[in-house]
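Written out below as structure tokens is the structure these notes cover.
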Amino acid sequence: MRSDCDRWQGLLSALLDQELAAGTAAELSRHLEACAACRQELAGIEEVAEALAVRTEPDPLFVTRFRGRVSQDPFLLPGACRALALRLMPFAAAAVLGAWVAVWVSLDRDRLGELEARALGQVALEDAADVDPVLGVALEPRLDTER
């Protein structure tokens with residue numbers, strides 16, 4: 001009879017919620033008439049369902065107590081959060097600007113090569129042993145012995 005109980009154990013909650021087809025519900029009801037273990041399991045499920053269904057009304061003074069606590073703690077006030085956000089705005093703008101410059105510099109490699117060449121001095125490319133393919137600048141000058 002235990003294998004029959006295993007078959008019905010998973011359907012006990014569905015029986016309580018009236019989610020079973022009529023034929024299946026009738027079979028389970030017949031099984032419950034004969035099986036004390038399954039009736040006990042169903043009683044436990046009913047007990048839990050009743051405990052969860054109990055509703056309590058909220059405390060009517062909750063809102064009053066909450067507002068009193070908020071008025072005592074300035075960090076909970078919406079205005080304090082707004083003031084903090086306004087103070088941090090210049091730092092956020094600087095971070096966005098810095099990120100934009102970093103992206104611009106990394107994408108504009110030709111311009112960066114020109115700036116680097118001006119800063120380091122012009123080296124004739126024909127005198128260079130090797131040229132950086134990204135920046136377009138000479139990596140090292142050729143030695144006179146190579147000419």
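Below, the figures for the structure above:
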| read-out | value |
| --- | --- |
| Phi to ³J(HN,Hα) by Karplus 6.51 cos²θ - 1.76 cosθ + 1.60 over the range 90-105, Hz, x for Gly, Pro | x, 5, 5, 5, 5, 5, 5, 5, x, 5, 5, 5, 4, 5, 4, 5 |
| Contour minus Cα-Cα distance for ALA95 and LEU16 (0.36 nm per residue) | 22.6 nm |
| Full-extension gain in nm, THR64 to LEU107, via 0.36 nm per residue minus C-alpha separation | 9.7 nm |
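The numbers here are math on the coordinates, done by the rules we state, and not lab data. Bear in mind that the values here come from a model prediction, so they are computed numbers and not experimental data.
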